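The values are calculated or read from the model by the stated rules, or taken from the named source; none is laboratory data. Everything numeric here is computed off the predicted structure, so don't read it as measured data. Heads up, the Cβs are rebuilt from the backbone with ideal geometry, glycines too, and the neighbour counts pull from every protein chain shown.
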Amino acid sequence: MPDEKKLDPFKPQEPNIPGVPSVANKRATAPAAQAVKSKAAAMPSLVWIIAAAAAVVIIGGGLALLLSRGSSVETVSHAAPLASPLATKPAKPNEILPVGPGVIGTTQELKQAWSAKRFLFPDSVTGQTDQAMVVRLPHGQYWGFSLQAPFGTCELEYVSNLQILRRDYQFNADHPMVVNPCDHTIYDLLLYGSSSAGLVRGDIVQGTGIRPPVAIEIRARGTEVVAVRME
């Protein structure tokens, strides 16, 4: 028959054992098995490549996170002192002023000409305790007056800096003056002006003020400076 394989009379025929594949079948299946083994061998390499890539991504992300945290911590550490309450200056405590009538200072405190000191004194009209000042004049006299502007609400100021008088008040003086910062009235401590009580120190040399500051009688008693009464 034409489809029947010719047998080689010099090559023994392989026995056909049930359940055991013949050599021809082994040869036919060998390439397929080899391809499967190649694919199987290639799989671990691919897995390792993927794992390595994932590890690189994770490590890189971790480093970036650490760097960002470090920079933020550094920024906070530099910025923290700006918000620290220690960076701000503490407020000065309120000055405790002596209250008249009575002793409001000593001759030692006011031994220099043009030296001055604040104190408190009750207003003779309103009864309200207002701030006042005593000044040692060049010839040894003491001049006391209320810092409440006459017929006004502004607080008078004692200016010993002559440059401030020239710059802010356009007034040339050779000794300290009392000023009203609201209307720029200037009172001269060495001159007398008219008031309802008669002549008092602090005549007006510039501005629109009505009268000199309200006077307070001051006496020296030994080493004590005493505020006696308001006009």
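Annotations
- Residue within region 195-214 that is surrounded by 13 or more Cβ atoms within 10 Å (Cβ to Cβ), out of contact with any Cys (no Cβ under 9 Å at 6 or more places or on another chain), over 26 Å from Gly102 (Cα atoms) and free of Cβ contacts under 8 Å to residues at least 12 places away in the same chain present: no
Table: residues versus (1) closer than 23 Å to Gly100 by Cα; (2) in the same structural domain as Gln128 (by TED's automatic domain parsing); (3) touching a residue at least 24 places away in the same chain (Cβ under 8 Å); (4) assigned to a loop (DSSP other than H, G, I, E, B).
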{"residue": "Gly144", "(1), (2), (3), (4)": "yes, yes, yes, no"}
{"residue": "Arg166", "(1), (2), (3), (4)": "no, yes, no, no"}
{"residue": "Cys182", "(1), (2), (3), (4)": "no, yes, yes, yes"}
{"residue": "Gly193", "(1), (2), (3), (4)": "no, yes, no, no"}
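- Condition check for Val159: in the same structural domain as Val205 (by TED's automatic domain parsing), of a type outside the set (Asp, Glu) and under 25 Å from His184 (Cβ atoms): yes
- Any hit, region 148-162, residues being surrounded by 14 or more Cβ atoms within 10 Å (Cβ to Cβ), at negative phi, at pLDDT 95 or above and in contact with a helix residue (DSSP H, G or I) (Cβ under 7 Å, 6 or more places away or on another chain): yes
- Screening region 90-130 for residues that are assigned to a strand (DSSP E or B) and modelled with pLDDT under 95 and picking the one that is nearest to Glu157 (Cα to Cα) gives Asp130.
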